[in-house]
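Here the structure comes first, spelled out in structure tokens, and everything after it is commentary.
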Amino acid sequence: MRLIPILILVSTIASAQQVDYEQRVLQHFFENVFPSKYESVSSIEFDGCTEDELSNFTLFKNCFDLSDETISALDKKAYKNTFPKKKLDLTEINDISFKKKKTKSNLRMYFYQANESSGKHYLILGIVKQKHLTHNYYYELDGSGEVLQWCDTGMTH
């Protein structure tokens, strides 16, 4: 009988330690970036799920000062692998409505899943404006989910 409470405790601790990196980036983006970059936008096309791919920084290695080894590790994990899409919690995002279906909205958002290398987690969030311009936001987080830096297609913050 003593084994059951210990298993419950271990299970609770393990689940409490899991960090939802995608959710952290979503919160950061809508609290710190979206209000200034897209202040006149009231809706965006996004179904609330990540893509089924991992973030890959191969084409954007100048965004952060990443070693070739880190870029290679991210690339190897992402290349030709797919993962179940992750549902994100949109309920705490205010002042914007999310549309699941294609609408007349000028913006569409996509979100690649977190990719890990050397204890850091990397994510890409993209905004497509009127099917022509893609604006990418790259994020680097530590193991606890704190945003270490983010890059707006070339400007590190």
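Bear in mind these aren't lab numbers, they're just calculated from the coordinates by the rules spelled out. Model, not experiment: these values are computed from the prediction. Neighbour counts are summed over all protein chains in view; Cβ atoms, including those assigned to glycine, are modelled from backbone coordinates with ideal geometry.
Within the shell defined by Cβ-Cβ distances under 11 Å, the residues around residue 126 carry a net charge of +1, with Lys and Arg each +1 and Asp and Glu each -1.
For the listed residue pairs 101/129; 76/129; 76/120, the alpha carbons are over 18 angstrom apart in 76/129. Straight-line cross-link partners of residue 37 among the aspartates and glutamates, defined as a Cα under 18 Å from its Cα and at least 8 positions apart when in the same chain: 45, 95, 152. Net charge in the neighbourhood of residue 20 (other residues with Cβ under 11 Å of its Cβ; Lys, Arg +1, Asp, Glu -1) is +1.
Distances between placed amide hydrogens fall under 5 Å for residue 45 paired with 99, 107, 108, 109, all partners being 5 or more residues away or on another chain. Taking 0.36 nm per residue of sequence separation and removing the Cα-Cα distance, the residue 94/residue 51 pair yields an extension gain of 13.2 nm.
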